[in-house]
Amino acid sequence: MKCSVCSNEITGKYCSNCGQYYEDRRIGFLTFLGDLFDGVFSLEKSFLQNIRVSLTQPKTLVLNYWNGFRKYYYSPGKFFAIASLFLVLHYALANDFLGLVVTSNISSQFVVLFVNTLLLASSSFLLYRQFRRNFYEHLVLNIYHVSLWVIVFFPISVVLSLTINDNITEQYFYIPFHVLVITWNSTAFELTRLKRFLFIMLNLLAVYGALFFLVYVFGEF
């Protein structure tokens, strides 16, 4: 197996050239849980490098992780941990994220993040069934991209919260947030431009339909 970063031949679990870890098995519950905890307690790689790669090469980190390569780029758990820290900082400055008001305490922001990630993962799992990726692989896909755009939108949301008192105006930025997450998700799959556009639209309809239903049933978080 050749290393996905430096193309060096891997003979064991680590690339002898760049040190990337390789695991020859599909993502399951134990793999996902183990990497989530590893992500919380270890952040050794360059933050800006990982953000740059995520923005300019959207499928690189996802495909790298799906294909069994570890430890060179951030794991999804590391991205999620950093996005959570940004939400903590956001709560210290404002009580809403892109117009979504936190009605009780900081845990509400994490509920919103968690619910959005699960909805997006469920939607992409159903829409992209033909590519035979299991739910945990779609969960990884969405954790990467939800976390990325939480981090990127953090300064935008803080500025809006401190300068605009109209939550409806702020919520216009929540739609681009979902569009970007769903668009970045689509890059992990080989699609024609027309199919990619259709899948993005279907994904948006599914996610917003589910969100409106949850708001109707449970009200604000």
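When you go through Asp96, Asp38, Asp24 one by one, which is the residue that is modelled with pLDDT under 85 and closer than 17 Å to Ile143 by Cβ?
Working: Asp96 fails: closer than 17 Å to Ile143 by Cβ; Asp24 fails: closer than 17 Å to Ile143 by Cβ.
Exactly one of Asp96, Asp38, Asp24 is modelled with pLDDT under 85 and closer than 17 Å to Ile143 by Cβ, namely Asp38.
Quick one: which helices (runs of 4 or more DSSP H) lie wholly within the range 111-221 and hold at least 3 residues that are among the aromatic types (Phe, Trp, Tyr) and at pLDDT 90 or above? If you could, list the steps in order and put the result at the bottom.
Working: elements: 135-163, 167-171, 174-186, 193-218.
In the range 111-221, 135-163 are the helices (runs of 4 or more DSSP H) which contain 3 or more residues that are among the aromatic types (Phe, Trp, Tyr) and at pLDDT 90 or above.
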Limited to the range 72-88, what total is found for residues that are assigned to a helix (DSSP H, G or I) and either among the acidic types (Asp, Glu) or in contact (Cβ under 8 Å) with a residue 24 or more places away in the chain (or both)?
11
Considering only the range 129-144, how many residues are in contact (Cβ under 8 Å) with a residue 24 or more places away in the chain and surrounded by 15 or more Cβ atoms within 10 Å (Cβ to Cβ)?
9
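Kindly evaluate Tyr73 against the criterion of being modelled with pLDDT under 80 and out of contact with any His (no Cβ under 9 Å at 6 or more places or on another chain).
Details: modelled with pLDDT under 80: no; out of contact with any His (no Cβ under 9 Å at 6 or more places or on another chain): yes.
No: the conditions fail for Tyr73.
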For the range 51-65, does any single residue satisfy the condition of being part of a helix (DSSP H, G or I) and at pLDDT below 90?
no
Kindly provide the set of residues from the range 179-204 that are exposed (fewer than 13 other Cβ atoms within 10 Å of the Cβ) and not hydrophobic (A, V, I, L, M, F, W, C), ordered by number.
Glu190, Thr192, Arg193, Lys195
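The values are calculated or read from the model by the stated rules, or taken from the named source; none is laboratory data. It should be emphasised that the depicted structure is a prediction, and the values quoted were computed from it without experimental measurement. Methodologically, a virtual Cβ is constructed for each residue, glycine included, from the backbone with ideal geometry; neighbour enumeration extends over all protein chains shown.
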